There are 2 protein chains.
Amino acid sequence: MDMALQAVIDAIRSFPGVTRKGKIHEVVDLLPTDSFKHVAAAEGEDAAAIEDGENYILFAADGIMESLVESDPYMAGYFAVLVNVNDIAAMGGRATAMVDVMSMSDEILCGRMLRGMEEGVRRFKVPIVGGHTHPDCKYHAIDISIIGTVKKGDIILSSTAEPGDDIVMVMDLDGHYPKNIPYAWVTTLDKDPKLVQRQMEAAAVVAEEHLVHSGKDMSNPGCVGTLGMMLESSCMGATVDLDKIPVPSSEKDDFIHWLLAYQGCGFVYACPPENSQRVIDIFSKVGCAGAVVGKVDDSLQLKLSMDGEKGVLFDFSKDIITGCRPKARRHRTF
Amino acid sequence: MDMALQAVIDAIRSFPGVTRKGKIHEVVDLLPTDSFKHVAAAEGEDAAAIEDGENYILFAADGIMESLVESDPYMAGYFAVLVNVNDIAAMGGRATAMVDVMSMSDEILCGRMLRGMEEGVRRFKVPIVGGHTHPDCKYHAIDISIIGTVKKGDIILSSTAEPGDDIVMVMDLDGHYPKNIPYAWVTTLDKDPKLVQRQMEAAAVVAEEHLVHSGKDMSNPGCVGTLGMMLESSCMGATVDLDKIPVPSSEKDDFIHWLLAYQGCGFVYACPPENSQRVIDIFSKVGCAGAVVGKVDDSLQLKLSMDGEKGVLFDFSKDIITGCRPKARRHRTF
């Protein structure tokens, strides 16, 4: 293997957006949900799924890193909303409400954070219905939790990719990296809120049409790292051709950066090959680029190719990203 | 007025558990929920209520003060669960699931916090189904968010007390103040988990029997401060005889401390006088003391009496605790 692909592999494997996920299983292992029958999905999913008649209540939480809260409180407030809304969209659901916990020691900073949250509420049309404020903290933080709803038959899990599935990536290429969050591709702040809402709705349509076996939103580990989490949860492997991943022409010169970026609107799906074009078309209508970038297999290895080179990014027989083995797959042996 | 009651009034009015609530309305004012039709209740309630067919989804969040996280991480983890479970019980609902956001810089402390959460899950039988972990923070924090469910006709709001209602307080007197949390009356940690669950269930039974107009769990502002929040939300006043408030015999000498304490299992209700005994009986069966301690009126003043003295604690024509005017009462004029 030549150096170029190895640089990509090294960058992804050592990226904090990936390595920070390694603690998750320690929490999950201590707090198992197996004995709670009303919990249909939890560990390793973007949101938990709780029984609710014909539907599931989707339930997730995300916090914003301290460094962002301090460097750009407005963006921190906005991102706290964005990342949560994306978690519900990833599951094929529609978000209904959020609650927040805000910690602050500085009124001006807090006001900026609040205005970022307010903008998030306005753009995604999901209300913040309550929460808790710590007015006298030594630190600044914003955590948001979200609920949504999805019909039982429509839910999209991370843990159910199947051998032979196409890997489809869809992402909004019209964005920028803000000064204070260099690894976040911001696509939603400059757009008409109606288009932003239609992008989230596209993910729900993919779910309702039962087009995919598995899906996730492209979060802190970046597009390929997020695929890695899906494969780990699904106990699968894959081959991916990096040359096929959509990339804005302005970002081709810094392709590794692009692969590591949080996507404002980006999803990775595993779907039967006959459905791939339909998934791409649904997102194309809301301004997102899409492509089939690879194939799922049962090798437990995520194998990459680029410019004719080949290499292995993760081998889940020995590597972990989150270390989670979701409920749906826990009894699978390999 | 003599000095004894004035000391009580001064203590409650200056208690951080009360004064810290004053920031809430600043957040609420910036993030109104009026335009979201599926939000049935939010501002000023212990949990928000989201439309869900014949039911409401109850949704709340609470964070634990940094000082407790640092002085006693186990208790912080346990309390993060406790305060959330109480929020759902206060609304007359049953808790179904929680998510957490944990921030940590120290593995040992984090492990203790997790074990406290684990104990909370075991005692209240509500699973933690997901969340987010910040493994590389400069501070330590634990925030939990909770969902629950309640039939639409059964919900208990904070904002619907009526003139002529009895004020009933029920609380578990069998407890202690832990060393690191002097203002928390801990009642649930030493008891059989089954009894702890039956205590929360008692609050749901009060709701199902439609016994009360309004209710809240006794949280950081203490029993009288919590009543104050209910009256403020309801745009009501009341007379309360402090001598009638249940108090453990061991705590009579430090009655002010008792009035300020967070109650591990304590609720204040406003109910038609003919239902008061039934409410007290329901909680008596699960080991809680109860009493009619006063009457709701439309004066906007919370008037206290003790040992023959009388005084005004809050006058909501000029004082605020949270400053929230819930949706249900927002259009009321006074």
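Mind listing, in residue-number order, the residues in segment A:139-161 that have at least 40 Å² less accessible area with every protein chain present than in their own chain alone (1.4 Å probe)?
Correct list: A:Tyr139, A:Asp143, A:Ile147.
With charges only on Cβ, +1 for K and R and -1 for D and E, what is the dipole size of segment B:155-276 about its Cα centre, in debye, rounded to 20?
Using only the charged Cβ atoms, the result is roughly 340 debye.
Taking only DSSP H segments of four or more residues, each worth -39500 (n - 2.57), what value at 222 nm results for chain A once the sum is divided by all its residues, to the nearest 500 deg cm²/dmol?
That comes out to -10000 deg cm²/dmol.
Determine ³J(HN,Hα), in whole Hz, for all residues of segment B:290-307 in sequence, where each value follows from phi through the Karplus function 6.51 cos²θ - 1.76 cosθ + 1.60 and θ = phi - 60°; x replaces Gly and Pro.
x, 7, 7, 10, x, 9, 7, 9, 9, 7, 6, 10, 9, 9, 10, 10, 7, 6
Using alpha-carbon pairs under 8 Å, 6+ residues apart, how would you state the relative contact order of chain B in percent?
Over chain B, the number comes to 23 percent.
Which distance in Å, rounded to a whole number, links the C-alpha centroids of segment B:268-316 and segment A:236-309?
If you average the Cα positions of each part, the centres end up 63 Å apart.
Would you work out the charge dipole size for chain B about its Cα centre, treating the Cβ of every Lys and Arg as +1 and the Cβ of every Asp and Glu as -1, and quote it to the nearest 20 debye?
Dipole size: approximately 360 debye.
Quick one: 3J(HN,Hα) in Hz for segment B:221-226, Karplus 6.51/-1.76/1.60 with θ = phi - 60°, rounded, Gly and Pro as x.
x, x, 5, 6, x, 5
For segment A:1-48, take the convex hull of the Cα atoms, compute a quarter of its surface area, and give me that in nm², please.
If I average the Cα hull's projected area over directions, I get 4.8 nm².
Between B:Glu208 and B:Asp298, what is the spin-label point distance in nm, taking each point 7 Å from the Cα along the Cα→C-beta axis?
3.5 nm
Under the rule of at least 5 residues apart or a separate chain, name every residue whose amide H is placed under 5 Å from the amide H of B:Ala97.
For B:Ala97, the qualifying residues are B:Ile147.
Using a simple charge model, +1 on the beta-carbon of Lys and Arg, -1 on the beta-carbon of Asp and Glu, nothing else, what dipole does the protein assembly as shown show about its Cα centre, in debye to the nearest 20?
540 debye
Which lysines does A:Lys191 reach when only Cα atoms under 21 Å apart count, and residues fewer than 8 places away in its own chain are ignored?
Filter leaves A:Lys125, A:Lys179, A:Lys285.
Does segment A:204-334 come out rounded, prolate or oblate by the C-alpha gyration tensor, with a ≥ b ≥ c the root eigenvalues, rounded set by a/c under 1.5 and, if not, prolate when a/b is larger than b/c and oblate if not?
In terms of gyration-tensor shape, oblate.
Could you work out how far the C-alpha centroid of segment A:31-90 sits from that of segment B:202-222, in angstrom?
Answer, in whole Å: 29.
Using the heavy atoms of the protein chains and a 1.4 angstrom probe, tell me the accessible area per residue for segment B:195-334 in square angstrom.
The answer is 36 Å² per residue.
Over the Cα atoms of chain B, what Rg and Dmax result, in angstrom?
Both quantities, over Cα of chain B: 18.9, 57 Å.
Enter the accessible area per residue of segment A:47-151 (Å², integer; probe 1.4 Å; all protein chains in place).
28 Å²
Between their Cα atoms, which of A:Lys21/A:Lys295; A:Lys138/B:Lys216; A:Lys37/A:Lys152; B:Lys244/B:Lys318; A:Lys216/A:Lys310 are more than 18 Å away from each other?
As for pairs spanning more than 18 Å Cα to Cα, those are A:Lys21/A:Lys295; A:Lys138/B:Lys216; B:Lys244/B:Lys318; A:Lys216/A:Lys310.
Give me Rg over Rh for segment B:147-282, both radii from the alpha carbons and Rh done the Kirkwood way, two decimal places.
0.95
For the protein assembly as shown, what % of the accessible area comes from carbon and sulfur atoms, probe 1.4 Å?
Whole-percent figure for carbon plus sulfur exposure: 51.
B:Gly92's amide H: which non-local residues (gap 5+, or another chain) put their own amide H closer than 5 Å, with H modeled 1.01 Å from N in plane and none for Pro or chain starts?
Correct list: B:Ile156.
Just the number, please: buried accessible area between A and B, total of both chains, 1.4 angstrom probe, nearest 100 square angstrom.
In total, this chain pair buries about 4900 Å².
For a distance above 20 Å, tell me the whole-number percent of Cα pairs in segment B:167-241 that qualify.
Looking at segment B:167-241, the distances longer than 20 Å represent 43 percent of pairs.
Under a crude label model (7 Å from the Cα following the beta-carbon direction), how far is B:Asp190 from A:Ser250 in nanometres?
In this crude spin-label approximation the distance works out to 6.5 nm.
So, counting K/R as plus one and D/E as minus one, what does the shell of residues with Cβ under 15 Å around B:Asp72 add up to?
-1
Rounded to the nearest 5, what % of DSSP beta bridges with both residues in the protein assembly as shown are antiparallel?
Rounded to the nearest five, the antiparallel share is 80 percent.
Please turn the phi angles of segment B:115-122 into ³J(HN,Hα) values with the Karplus equation 6.51 cos²θ - 1.76 cosθ + 1.60 (θ = phi - 60°), one per residue in order, whole Hz, x for glycine and proline.
With coefficients 6.51, -1.76 and 1.60, one gets 5, x, 5, 4, 5, x, 4, 5 Hz.
Once Rh is set to the Kirkwood radius over Cα pairs, what Stokes-Einstein translational diffusion coefficient, in µm²/s, holds for the protein assembly as shown at a temperature of 20 °C and a viscosity of 1.002 mPa s?
Estimated via Stokes-Einstein, D reaches 84 µm²/s.
Looking at segment B:1-77, which GluC sites (Glu not before Pro) are in a loop (DSSP not H, G, I, E or B) and have at most 14 other Cβ atoms within 10 Å?
The qualifying sites are B:Glu54.
Shape call for segment B:9-114 from the C-alpha gyration tensor, a ≥ b ≥ c root eigenvalues: rounded (a/c under 1.5), prolate (a/b greater than b/c) or oblate?
Here segment B:9-114 falls in the oblate category.
Could you state the principal axis extents of the C-alpha atoms in segment B:195-236, from the largest down, to the nearest angstrom?
So the extents along the principal axes, rounded to whole Å, are 31, 23, 10.
How many nm is it between the label spots at A:Lys310 and A:Lys285, if each spot is 7 Å from the Cα in line with the beta carbon?
3.9 nm
Can you pull the accessible area of A:Leu82 for me, 1.4 Å probe, Å² to the nearest 10?
0 Å²
Search the structure for amide H atoms under 5 Å from the amide H of B:Gly130, placed 1.01 Å from N in the peptide plane, and list their residues when 5 or more places away or on another chain.
For B:Gly130, the qualifying residues are B:Asp100.
Could you work out, residue by residue across B:96-108, how many beta carbons of other chains sit within 10 Å of that residue's beta carbon, and then give the average as an integer?
Mean partner-chain Cβ count within 10 Å for B:96-108: 5.
The values are calculated or read from the model by the stated rules, or taken from the named source; none is laboratory data. Everything numeric in this text was worked out from a predicted model, so none of it was measured. Using ideal geometry, Cβ is built from the backbone for each residue, glycine included, and neighbour counts are taken over all protein chains shown. Note: accessible area is taken over every heavy atom of the protein model, side chains too, but ligands, DNA and RNA are not part of it. Shrake-Rupley method; radii C 1.70, N 1.55, O 1.52, S 1.80 Å.
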